[in-house]
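Asker: Take this structure first; my questions come after.
Bear in mind these aren't lab numbers, they're just calculated from the coordinates by the rules spelled out. Keep in mind that what you see is a predicted model, and the values were worked out from it rather than measured. When we count neighbours, we look across all protein chains shown, and the Cβ atoms used for this are built from the backbone with ideal geometry, even at glycine.
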Amino acid sequence: MIDEKLISEVILAALASGGDFAEVFIEDTKQTNIKMVDGRVEDGVSGRDFGIGIRIFQKHQGIYAYTNDPGRSNLLQVAADAASALAGQRLIDTVKLDRTTIDSNHKILQLPNGTAAAKKVDVMRRAHGAAKGYSDQISQVTIVYGDVQQDVLIANSTGLLVEDQRVRTRLAISSVASKNGEKQSGFYGPGRHMGFEMYEKLDIEHYAQEASRIAVTMVNADYAPSGKLPVIINNEFGGVIFHEACGHSLEATSVAKGTSVFSNRLGEQIASPLVSAVDDGTIPNAWGSQNIDDEGRATQRNVLIENGVLKGFLIDSLNARRMGMEPTGSSRRQSYRYAPTSRMSNTFILNGESTPEEIIAATDYGLFARYMGGGSVNPATGEFNFAVNEGYLIRNGKIDKPVRGATLIGRGADILRKIDMVGNNLDTGQGMCGSLSGSIPADVGQPMLRVSEITVGGRKEAE
């Protein structure tokens, strides 16, 4: 992307004022986004984004600057400007880069950037037809196609020089059902660290019909009860609660500052003994996977909770300094415009021993959250508020009628302790996670599990 000699010069320029570490992150990204509403393409944008980020450490302090001008004089000036924020004498006089070659863990068969736009639109039409044809109550279908090819080069003052390519493809399907002037929506958004071949491997019509099924079910549903209830949270995207309410509190971004509810609690029992959770950035072709993180370190499988005991955090290199711990290959960023920090990749609760049928049969009365929606979380306290996109009452150990408008309210640390049954049907769902270093792809997941009691917000009192 840029001559190695120039990269070395930039690193040395960044170290002029006492920095003890400097890094250059170079990115060349090509992406396409197409939006279809009711079978008609409304927007289609393809573009390319190129830029360079320069980062400097001085002990526990970090400085970051970026530019999209790769000219030598500009890069040296940006590095010098960043260095001027520090005060001190030069500590490092030479940098010798040693290129590392990595084997990709994610086989790409069809680069989306080389795939004709007509083929992409054909996939969208397939999804639209399946979603629209599900029911006469479907009043609108919106399909958003997206793909990205991100080529990166990462070099730093320790001599590291490594390149990687990340290719991701996703289809977001939104259906709206209408009845007597009321509207309810359903959504599915399958995505993978894959090329266009994803559409040969996944049943896109199935996901489209599921989006419409959720919308139709909810527009015909009664309102959910409110009160403190046992809640069964389904697998797949149900893992968004763990991701948001607990996962962010295990990132060094908050742990190192002491603002996380889990700071200084390694080795403590923080969850039910039934709960074990990991973050694994190595899973082949998973949505949140990468070969290396955005500091050039190999991704890895990190055990966060084991049998309820806190075993580890997700740690980037700057916060590793602050915590006196080793980085965990968990440093990520949206683009060169952001300094990286600790982030999740594919985060999920592991399988337990109960079957879904056993969990439902053991619940006399409660709420079954079949599909979760979005919500809000306070990372410092773990307090959350999540919408249930598709919910059902449970009566006498059986799934009863569908209910809508339910929200789950609580604290992540409390919920972890109240999990009293864990299923054996682990699955994952795809989403975009926003934090200090921008919006990044992340898988969430879990098997079906039961929480003995959660505050449910609804429109009528629980029975």
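Asker: What do you get for the angle between helix 4-14 and the principal long axis of the chain? Use alpha-carbon atoms, 0 to 90 degrees, nearest ten.
Answerer: Computed tilt is about 90 degrees.
Asker: In straight Cα distance, which lysines are under 16 Å from Lys228, not counting same-chain residues fewer than 8 positions off?
Answerer: Cross-link targets: Lys418, Lys460.
Asker: Once phi is turned into θ = phi - 60°, what whole-Hz ³J(HN,Hα) does the Karplus curve with 6.51, -1.76 and 1.60 give for every residue of segment 276-290, x standing for Gly and Pro?
Answerer: 10, 9, 9, 10, 10, x, 9, 4, x, 6, 6, 3, x, 7, 8
Asker: Evaluate the charge dipole of segment 237-386 about its Cα centre and quote only its size in Debye, nearest 20, assuming +1 on the Cβ of each Lys and Arg and -1 on the Cβ of each Asp and Glu.
Answerer: Here the size comes out at about 680 debye.
Asker: Give the shape of the chain as rounded, prolate or oblate, defined through the alpha-carbon gyration tensor: a ≥ b ≥ c are the square roots of its eigenvalues, a/c under 1.5 means rounded, and otherwise the shape is prolate if a/b is larger than b/c and oblate if not.
Answerer: oblate
Asker: Take the residue pairs Lys30/Lys311; Lys5/Lys30; Lys30/Lys119; Lys201/Lys398; Lys30/Lys132 and return only those whose Cα atoms are more than 28 Å apart. Kindly include the intermediate steps, with their values, before the conclusion.
Answerer: Details: Lys30/Lys311 38 Å; Lys5/Lys30 26 Å; Lys30/Lys119 18 Å; Lys201/Lys398 34 Å; Lys30/Lys132 31 Å.
With Cα atoms farther than 28 Å apart: Lys30/Lys311; Lys201/Lys398; Lys30/Lys132.
Asker: Using only Cα atoms, find the angle between the long axis of helix 117-132 and the longest principal axis of the chain, and express it within 0 to 90 degrees, rounded to the nearest 10.
Answerer: Helix 117-132 and the main axis of the chain meet at about 20 degrees.
Asker: Okay, next question. Using Cα atoms only, what is the angle between the long axis of helix 72-83 and the major principal axis of the chain, expressed in degrees (0 to 90) to the nearest 10?
Answerer: Once rounded, one gets 80 degrees.
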